[in-house]
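Comments concern the structure below.
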Amino acid sequence: MLVTDIVPLDKRKCKVCTDAGFAFALYKGEARRYKIESGKKLAEDEYRRILETVLCPRARERAVYLLQSHDRTEHEIRRKLQDGYYPEEAVDRAVSFLKEYGYIDDLEYGRRYIGIYGQRRSRRRIQEDLLRKGLGREQIGELLGDERIPEREQIRAFLEKRGYSAEDCDAAQRRKLTAALLRRGYSYGNISHMMGEGPGETDAG
């Protein structure tokens, strides 16, 4: 492969760009040691040596470090490693290592997430959060299942905190509160019900 550019990332690291459609990061001293220069070819066997001895071990260490502060999903780990310019093979190996030793488990992550936020966030908000974290719709559906998310109680607490009174609240205040609750993922039916305007829905849905 041809090294098309070497871009400084900071005082110590650089990004090695290639004509193979990917880039990887090395310390500047490592780039010099491997005689990597812009405009010159990097032999496949030399790249494999860098991958095996530098990039894969470093990606694995980075992945483990990322889990020390808080839990992450596979998608979040992959994104962090990709942002650090680890090549796809190094990312795949790091993720496989984490899975093999039980360091990441998306379903278990989802269960813990629902356990923490199920009493505070709407069902829709939880679905959106887990989708953004990389869980699939089927996984999320399995996790939520018949899980009761007490949306009406959450809406009531929100309204009480803001001093809502059905008798005293004017139309403008009502619209503002409704918009705030909709942004949090609550259904219009449940919002209307808790504001004393409609029959609402069940908390299960």
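Observations on the structure shown:
- Residue in the range 149-162 that is exposed (fewer than 13 other Cβ atoms within 10 Å of the Cβ), at pLDDT below 95 and under 21 Å from Thr73 (Cα atoms) present: no
- Any hit, the range 69-88, residues being among the hydrophobic types (A, V, I, L, M, F, W, C), farther than 30 Å from Gly189 by Cβ and surrounded by 12 or more Cβ atoms within 10 Å (Cβ to Cβ): yes
- Condition check for Gly84: within 16 Å of the chain's Cα centre (by Cα) and small (Gly, Ala, Ser): yes
- Residue among Leu107, Leu98, Leu143, Leu131 that alone is closer than 30 Å to Val54 by Cα, under 18 Å from the mean Cα position of the chain (by Cα) and among the aliphatic types (A, V, I, L, M): Leu98
- Those helices (runs of 4 or more DSSP H) lying entirely in the range 1-101 with at least 2 residues in contact (Cβ under 8 Å) with a residue 24 or more places away in the chain and closer than 23 Å to Leu130 by Cα: 56-69, 74-83, 88-100
- The single condition from (1) among the β-branched types (Val, Ile, Thr); (2) exposed (fewer than 14 other Cβ atoms within 10 Å of the Cβ); (3) modelled with pLDDT of 95 or more that Ile116 fails is (3).
The values are calculated or read from the model by the stated rules, or taken from the named source; none is laboratory data. All figures in this text were calculated on a predicted structure; none of them were measured in a lab. Heads up, the Cβs are rebuilt from the backbone with ideal geometry, glycines too, and the neighbour counts pull from every protein chain shown.
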